[in-house]
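Notes for the one structure printed next.
The values are calculated or read from the model by the stated rules, or taken from the named source; none is laboratory data. All values reported here derive from a predicted model rather than from experimental measurement. Heads up, the Cβs are rebuilt from the backbone with ideal geometry, glycines too, and the neighbour counts pull from every protein chain shown. Heads up: the accessible areas ignore ligands, DNA and RNA and are worked out on the full protein's heavy atoms, side chains in. Shrake-Rupley method; radii C 1.70, N 1.55, O 1.52, S 1.80 Å.
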Amino acid sequence: APARAEEAGPRTTVLLVDDDRLVLTSTAAMLEDLGHVVIEAESGAAALAVLRQGTPVDMVLADHGMPGMTGIELAQALRRTRPALPVILATGYGELPDGAPPGLVILSKPCTQAALAAAMQAARRQAG
């Protein structure tokens, strides 16, 4: 069942990062259905470029298993430049490899809209 917009918290601009176009599109649709604004990026480098352009972003949701720059590498780069930015890492793996920055919220893939909303709430709490 779709999650209610209230469960996902306040309207948020989410930078969504995934190299799989189908996953990117379907996750963006879930986020938009929850009332959020989505900015899509198909790689970690593209996500960093969006942020360098000064695009306002409230949260990042990134896939872990991307070529070129993994989700963990992206999260590490974000911690250096925007340490208070909430980051959710989506992964189909049970555990993350070493090097994951502390405070990452993990979202298991595939996910439901309710799980996505819960991860957003947890990321807000982690960011303080």
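Assorted remarks:
- Selection of segment 114-128 for residues being surrounded by fewer than 17 Cβ atoms within 10 Å (Cβ to Cβ), of a type in the set (Gly, Ala, Ser) and more than 14 Å from residue 102 (Cα to Cα) yields 114, 115.
- Every residue from segment 24-65 that is open to solvent by 50 Å² or more (accessible area, probe 1.4 Å), closer than 22 Å to residue 76 by Cβ and small (Gly, Ala, Ser): 45, 54
This table checks each residue for (1) aromatic (Phe, Trp, Tyr); (2) touching a Ser or Thr at 6+ places or on another chain (Cβ under 6 Å); (3) at pLDDT below 95.
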site: 1; (1), (2), (3): no, no, yes
site: 17; (1), (2), (3): no, no, no
site: 28; (1), (2), (3): no, no, no
site: 33; (1), (2), (3): no, no, yes
site: 46; (1), (2), (3): no, no, no
site: 60; (1), (2), (3): no, no, no
site: 73; (1), (2), (3): no, no, yes
site: 93; (1), (2), (3): yes, no, yes
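- Restricting 68, 54 to residues that are in contact with a Gly (Cβ under 7 Å, 6 or more places away or on another chain), more than 20 Å from residue 102 (Cα to Cα) and at pLDDT below 95 narrows the list to 68.
Per-residue answers, yes or no, for (1) open to solvent by less than 40 Å² (accessible area, probe 1.4 Å); (2) charged (D, E, K, R):
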{"position": "18", "(1), (2)": "yes, yes"}
{"position": "21", "(1), (2)": "no, yes"}
{"position": "87", "(1), (2)": "yes, no"}
{"position": "93", "(1), (2)": "no, no"}
